[in-house]
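Just below is one structure, and these are the notes that go with it.
The values are calculated or read from the model by the stated rules, or taken from the named source; none is laboratory data. Just so it is clear, the model here is predicted, and its values are computed rather than measured. No Cβ is skipped: glycine too gets one built from the backbone with ideal geometry, and neighbour counts run over all protein chains shown.
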Amino acid sequence: MPGYWMIRSTVTDKDAFAEYAAIANPVLTKHGGHFISFGNRFQTREGTDIPRNVIVEFPTYEAAVACYNDPDYQASLEHGRKAMTRELVIVDSDRPG
C-alpha cells in the first residue's frame, strides 16, 4: 500500500529552497516518490494557515520512511532548514496500491 509525505511549509529563502530541491528531488525519485499535489490552491478550514501544502506519494510506507532516512535526503535538509519552516508527516495508506 502507498505511503505519503504530507508537507506544510512556509518558504523564507528562495535560494536555499532551490538548493534543497536540487538535492532532494532526485532522492525522492530514487525511492519511487512522485508529487501528487503542490497545493498551490488551498483552503484552511481548521488549524493554522500555511501557504505551501505538498503531498508526495511513494510505492509503500516503508519507501517513504527510507527516503526520509536516506543520507542524501538528510544532506538536503541543511539547505531545507535554512529555506523554510515546515511540518512533515509520513502517512501509511489503508488502500491497496
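Is there a residue in segment 39-52 that is surrounded by 16 or more Cβ atoms within 10 Å (Cβ to Cβ) and in contact (Cβ under 8 Å) with a residue 40 or more places away in the chain?
Restricting attention to segment 39-52, the residues satisfying the condition of being surrounded by 16 or more Cβ atoms within 10 Å (Cβ to Cβ) are 39, 50, 52.
From the residues that got through so far, the ones that are in contact (Cβ under 8 Å) with a residue 40 or more places away in the chain too are 50, 52.
Among the residues of segment 39-52, at least one is surrounded by 16 or more Cβ atoms within 10 Å (Cβ to Cβ) and in contact (Cβ under 8 Å) with a residue 40 or more places away in the chain, which makes the answer yes.
Within segment 42-63, being touching a Phe, Trp or Tyr at 6+ places or on another chain (Cβ under 7 Å) and under 13 Å from Thr85 (Cα atoms) holds for one residue alone: Asn53.
Let's see how each residue does on (1) within 17 Å of Met1 (Cα to Cα); (2) of a type in the set (S, T, N, Q); (3) at pLDDT below 95:
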site: Val27; (1), (2), (3): no, no, no
site: Gly39; (1), (2), (3): no, no, yes
site: Thr44; (1), (2), (3): no, yes, yes
site: Met84; (1), (2), (3): no, no, no
site: Val89; (1), (2), (3): yes, no, no
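State which residue pairs qualify: first residue touching a residue at least 40 places away in the same chain (Cβ under 8 Å) and inside segment 1-30, second residue of a type in the set (Asp, Glu) and surrounded by 15 or more Cβ atoms within 10 Å (Cβ to Cβ) in any location, beta carbons under 8 Å apart, and separation of 6 or more residues or different chains. Listed pairs, sorted by first residue: Pro2/Glu57; Gly3/Glu57; Tyr4/Glu57; Val27/Asp70; Lys30/Asp70. Checked against (1) over 17 Å from Met1 (Cα atoms); (2) modelled with pLDDT of 95 or more; (3) surrounded by 13 or more Cβ atoms within 10 Å (Cβ to Cβ), Phe35 passes all but a single condition, namely (1).
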